[in-house]
Amino acid sequence: MVPVDFGSALLVALGVALVIVALASLPSGSRLRRLYGIDDRDDAGARANAAVLAGTGGFLLALAAAITLDLSDRFVAAGALGVAAVGSLVLGWLVRFRDRRELLTTPDVSRERARRLGGATIWVGTLLCLPLVGVLAGASDAAVAGATLSVAAVASVLVALAYR
C-alpha cells in the first residue's frame, strides 16, 4: 500500500474541487453562476471567472504532483512562489489596466474599486518576489517562511484597504 501524504491529498482535493466548480459555473442558468453574482446572460464573465478558478485548481494539482514526485523543496518553493507572483501580477494588470472586473469574484464591483483591487494584486505579486529571492539565494527555511508570512499579512491589509 502506498502511503498517502495528507498535504498532497488536500492539494489534490482542493484542485479538483476548484476545477469542478469552474466547469459547473459555465452553463447558463447555473446555480454557481448566480452564487457568484454573475448574470445568466454574461457568458464572458462566467468564462473569465471559470478560467481563474480552473487555473488556480491546475496550479494546486501541479504543486501536489511536484511534491508527490519528491522534487527538491527549493525547486517546489521557487516554482510555487514564481507562479503565484506572475499570476498575481497578470491578474492585477488585467483588472486595473484592462478593466476586466469580471475576473473578480465580487459581483457588480465599481470601476474605482476594481482599479484599487487590481493595484493591490499587483503589489501582492511584487511582494511575492521577496521570498522568491530568498529561496533562489538559498536563505534559511525560517527566513523564507518569515518573508512569506509577512507578505501574506501585508497582502491582507492591501486588499482590505483596496476593498474599502
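The values are calculated or read from the model by the stated rules, or taken from the named source; none is laboratory data. Every value quoted in this text rests on a predicted model; they were computed, and no experiment measured them. Every residue, glycine as well, gets a Cβ built from its backbone with ideal geometry; the counts of neighbours run over all protein chains shown. For the accessible areas, the whole protein counts, side chains as well, though only heavy atoms, and no ligand, DNA or RNA atoms are used. Shrake-Rupley method; radii C 1.70, N 1.55, O 1.52, S 1.80 Å.
Those helices (runs of 4 or more DSSP H) of segment 56-155 in which 2 or more residues are open to solvent by less than 60 Å² (accessible area, probe 1.4 Å) and more than 29 Å from V21 (Cα to Cα) occupy 129-137.
Checked against (1) farther than 16 Å from G92 by Cβ; (2) surrounded by fewer than 17 Cβ atoms within 10 Å (Cβ to Cβ), L161 passes all but a single condition, namely (1).
Within segment 86-104, residues that are under 24 Å from L132 (Cα atoms) sit with their Cβ atoms under 6 Å from residues that are modelled with pLDDT under 90 and in a loop (DSSP other than H, G, I, E, B), at 6+ positions apart or across chains, in these pairs: L94/R100.
Residues in segment 17-55 that are open to solvent by less than 70 Å² (accessible area, probe 1.4 Å), among the β-branched types (V, I, T) and in a helix (DSSP H, G or I): V19, V21, V52. Total residues in segment 137-149 satisfying the condition of being touching a residue at least 12 places away in the same chain (Cβ under 8 Å) and either closer than 26 Å to T106 by Cα or touching a helix residue (DSSP H, G or I) at 6+ places or on another chain (Cβ under 6 Å) (or both): the figure is 3. Within segment 1-16, the residues that satisfy the criterion of being of a type outside the set (V, I, T) and in a helix (DSSP H, G or I) are F6, G7, S8, A9, L10, L11, A13, L14, G15. The residue pairs whose first member lies in segment 24-50 and is among the polar types (S, T, N, Q), whose second member is open to solvent by less than 70 Å² (accessible area, probe 1.4 Å) and part of a loop (DSSP other than H, G, I, E, B), and whose beta carbons are closer than 6 Å, counting only pairs six or more residues apart or on different chains, are S28/D40.
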